[in-house]
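*Asks:* After the structure tokens below, expect a handful of questions from me.
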Amino acid sequence: MRKSPAVARQFRPCGKPDSAGDEVTFQGIHKTGIPCLERMYGDRVAVKLTNKCPAYCVFCFRRWTNAKLPEPAQKDLKRAAAYIKKDKRITGVLITGGEPLREPEKLEYLIGLLGKIPHVTDIRVGTRAPLTAPKLVTAKLIALLKKHGIEVGIHFNHPDELVPAAQAIKKMTGAGIRVYSQSVLLKGINDSGPVLEELFRGLRSLGVEIYALYHCDPVKGAMPLRTTIEKGLEIKKYLRAHSTGRINPAYIVDTRVGKVEIGVDGTIEKRQGRFVWIRTPYQYPKSLLPGGICRVNRDGTVSVKYRDGEK
Ligand code: SF4
């Protein structure tokens with residue numbers, strides 16, 4: 001089997017951990033009181049089915065927090081479903097982890113509970129299994145996803161990943177399941193227009209919708225893999241100039257108050273060394289905002305301070 005340094009680097013601790021990185025880069029603005037249920041937005045939530053993965057990505061924003069959490073049990077999933085049922089604003093649920101496909105029984109159980117909630121119209125599963133554990137993409141799983149019309153978000157960062165994963169992806173798209181991709185911009189791995197163009201063309205040829213390119217979060221231990229937001233915008237321009245819009249994903253920075261597509265629904269207001277102030281479209285009461293890094297603007301939108309990477 002061919003070895004890929006670009007794939008290996010994503011799973012192997014890199015360089016000296018940067019003490020400036022954070023163990024917690026994400027916390028839902030709304031406190032649900034249920035450890036497996038995260039809520040950042042009004043209309044959608046994330047339910048974590050497990051905190052474990054077949055392989056651990058160095059840059060994962062849940063890397064440190066998941067390691068400290070107990071595994072969600074059926075009773076926790078039941079509580080999460082009851083919370084969702086009570087709030088009619090919630091129409092979307094992302095089933096995530098860890099790797100949710102590791103837990104087929106819990107997955108079926110949760111989907112069964114969510115399927116009985118009329119206002120939940122959009123259920124998605126986020127997975128990296130087509131790369132890290134393709135055997136988890138079973139005929140039984142595909143039948144379950146098809147039966148409930150569930151969309152699958154896959155995570156791919158480099159064209160080398162498509163070699164072992166293509167078959168598992170094709171099993172899903174060939175069965176008529178909607179599959180979309182998310183990628184993380186990683187310095188020295190995929191911070192190049194041509195590399196990402198090849199990745200997105202490859203995914204599209206497998207029937208995948210190209211959805212998002214995320215700026216790498218300021219996670220402790222991931223600093224050597226982080227580049228700047230400006231670099232991401234340069235790559236966006238390259239993709240626009242060289243390819244169809246169908247392989248040009250939204251470029252998103254995941255701030256502490258929510259996701260922001262730079263240049264579309266958010267802007268960089270100013271740079272202060274390694275930090276940038278990002279103006280977001282979100283409006284929250286001050287009491288819900290993380291302390292010390294947010295400012296409420298005159299129009300009610302929130303600006304947030306964000307630690308960027310380095311070129
Ligand atoms: S597979 Fe996903 S959840 Fe697991 S470590 Fe990687 S990014 Fe995190």
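*Asks:* Among all the lysines, which ones have a C-alpha under 22 Å from residue 88's C-alpha, if same-chain residues fewer than 8 places away are not counted?
*Replies:* In chain and number order, the partners are 31, 48, 75, 78, 116.
*Asks:* Mean Kyte-Doolittle hydropathy of -1.0 or higher plus an axial Cα length of 15 Å or more: which whole DSSP H helices in the chain meet both?
*Replies:* Details: long enough: 74-86 (18 Å, -1.13); 104-115 (16 Å, 0.43); 162-174 (17 Å, 0.45); 193-205 (18 Å, -0.06); 229-242 (20 Å, -0.69).
TM-like helix candidates: 104-115, 162-174, 193-205, 229-242.
*Asks:* Moving on. For the chain, set up a GNM with springs between Cα atoms under 10 Å and report which of 249, 224, 194 has the largest fluctuation.
*Replies:* Looking only at 249, 224, 194, the biggest GNM fluctuation is shown by 194.
*Asks:* Right, something else. What Rg and what Dmax come out for the chain when only alpha-carbon atoms are used, in angstroms?
*Replies:* In Å, with Rg to one decimal and Dmax whole: 19.0, 58.
*Asks:* Now for a different question. Can you give the FRET efficiency to the nearest 0.05 for residue 135 and residue 269, using r as the Cβ-Cβ distance and R₀ = 41 Å?
*Replies:* On the way: r = 47 Å, r/R0 = 1.15.
Efficiency at R0 = 41 Å is approximately 0.30.
*Asks:* By how many nm would the segment from residue 75 to residue 288 grow when fully extended, if each residue of separation counts as 0.36 nm and the alpha-carbon distance is taken off?
*Replies:* 73.9 nm
*Asks:* Among the aspartates and glutamates, select those whose C-alpha is under 12 Å from the C-alpha of residue 220, and discard any that sit fewer than 8 residues away in the same chain.
*Replies:* 18, 22, 23
*Asks:* Using 0.36 nm times the number of residues separating residue 310 and residue 85, minus their current alpha carbon distance, what extension gain do you get?
*Replies:* Details: separation 225, 0.36 × 225 = 81.00 nm, distance 4.34 nm.
The span from residue 310 to residue 85 would gain 76.7 nm if fully extended.
*Asks:* Say we join alpha carbon atoms closer than 10 Å with springs in a Gaussian network model of the chain; which of 41, 56, 284 then has the biggest fluctuation?
*Replies:* 284
*Asks:* Here's something else I'd like to know. If amide H atoms are built 1.01 Å from N in the plane of the peptide, which residues on other chains or at least 5 residues away come under 5 Å of the amide H of residue 209?
*Replies:* Those qualifying (amide H under 5 Å, at least 5 residues apart or on another chain) are 179, 180, 181.
*Asks:* Could you calculate the contour length gain from residue 30 to residue 166, that is, 0.36 nm times the residue separation minus the distance between their Cα atoms, to one decimal place in nm?
*Replies:* On the way: separation 136, 0.36 × 136 = 48.96 nm, distance 3.76 nm.
Taking residue 30 through residue 166 to full extension adds about 45.2 nm, to one decimal.
*Asks:* Looking only at 265, 122, 22, which one moves most when the chain is put into a Gaussian network model with springs between Cα atoms under 10 Å?
*Replies:* 265
Readers should treat all values here as calculations from the given coordinates under stated rules, not as data from a laboratory. These numbers were taken from a predicted model, which means no experiment stands behind them. Reconstructed Cβ throughout: ideal geometry from the backbone, glycine too, with neighbour counts over all protein chains shown.
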